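The values are calculated or read from the model by the stated rules, or taken from the named source; none is laboratory data. It should be emphasised that the depicted structure is a prediction, and the values quoted were computed from it without experimental measurement. Glycine gets a Cβ as well: all are built from the backbone with ideal geometry, and neighbour counts include every protein chain shown. Remember, those area values only see protein heavy atoms, side chains included, never the ligands or the DNA or RNA. Shrake-Rupley method; radii C 1.70, N 1.55, O 1.52, S 1.80 Å.
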Amino acid sequence: MRDWINSFLSNDSAFGKTMTKIGIIIGANLIFVFVSMPIVTIGAAWAALLHVMFKVLRGTESLNPFKMFWQGLKQNWKQATIVWLIVLATAALGWVDVRFLLHMGGAMVNFRYAIYAVGAVLLIGVIYVYPTMVAFSNKLTVLFRNAWYFAFRKPLKLIVILFFHAAPLFLTYMDAQMMPLYAFVWSFFGFGAIAMLTAKLLVTEFSPYLPLVDSEGNYYYDADGKPLMPGDEDKIIGDAGNYSTEDEDILKEMLELDMGSGKTTKKK
């Protein structure tokens, strides 16, 4: 009985892995709320939160959520903040335009639907550009193009992601009596849960375009220091994160003698 309990509670069990992920979600969510307080930093904080979730799903299950959050924040700060400022400016402009059309009255009122349509397309792009930004390094124009590609490539996933981004916020602001409970949920794990769901749905879409990783989330590299990509599985030697110094020395000697497969691995 004791062995069964120890096995059930171990970090390698399904229960242990689940609890570890929950702890990471809560920890990352708490720091996200703290970093988002200046408002202008919300975009960068959201990118950092997604960075943590993608790292977890790509194999790094035992990561430190606080350390990984700051890593994601530093890597995506500039682009994420630019996108967020664009969102704020576009939302303000759209609100002013709709108010103006409603004030004009008559047939002009119907033009607001065009603004709604453009806003919906832009919203989809913004929701997808943050995970795309976290997964890939590129210019913002390319990231937005790829974001819309991934969004409309799988309409069902798009609907699910839109629902879980919009519905919880809608319920929060529509039910004033439950506001304290909603505030607790958002502060404790709400944003992290949405980020995890988003990453979970998109990681399978992104994986064919991302470097191969081992069970610890470390990249596999070739002899030239370039990450191995999907399709290069036959070039993998061992486990990227688990080589001993002796193993690496032997592989190095084999490569120098032009032996073996000609590929080696190292930690990211």
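Quick look at the values:
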read-out: Rounded to whole Hz, the Karplus (6.51, -1.76, 1.60) HN-Hα couplings of segment 80-97, x for glycine and proline; value: 5, 5, 4, 4, 5, 5, 5, 4, 4, 5, 5, 4, 5, 5, x, 5, 5, 4
read-out: Exceeding the 22 Å Cα-Cα cut-off - candidates LYS21/LYS200; LYS78/LYS200; LYS21/LYS67; LYS55/LYS200; LYS78/LYS139; value: LYS78/LYS200
read-out: Net charge of Cβ neighbours under 12 Å - reference MET133; Lys, Arg +1; Asp, Glu -1; value: +2
read-out: Note, ³J(HN,Hα) from phi for segment 154-164, Karplus 6.51, -1.76, 1.60, rounded to Hz, x at Gly and Pro; value: 10, x, 5, 5, 4, 4, 5, 5, 4, 4, 7
read-out: Peptides ranked, highest mean first, by Cβ atoms within 10 Å: ranges 31-38, 128-135, 68-75, 153-160; value: 128-135, 68-75, 31-38, 153-160
read-out: With every protein chain in place, segment 54-134: carbon and sulfur % of accessible area (1.4 Å); value: 71 percent
read-out: From phi via Karplus (6.51, -1.76, 1.60), per-residue ³J(HN,Hα) for segment 120-137 in Hz, x at Gly/Pro; value: 5, 5, 5, 4, 4, x, 5, 4, 8, 5, 5, x, 5, 4, 5, 7, 10, 9
read-out: Probe 1.4 Å - accessible area at HIS51, Å² to nearest ten; value: 10 Å²
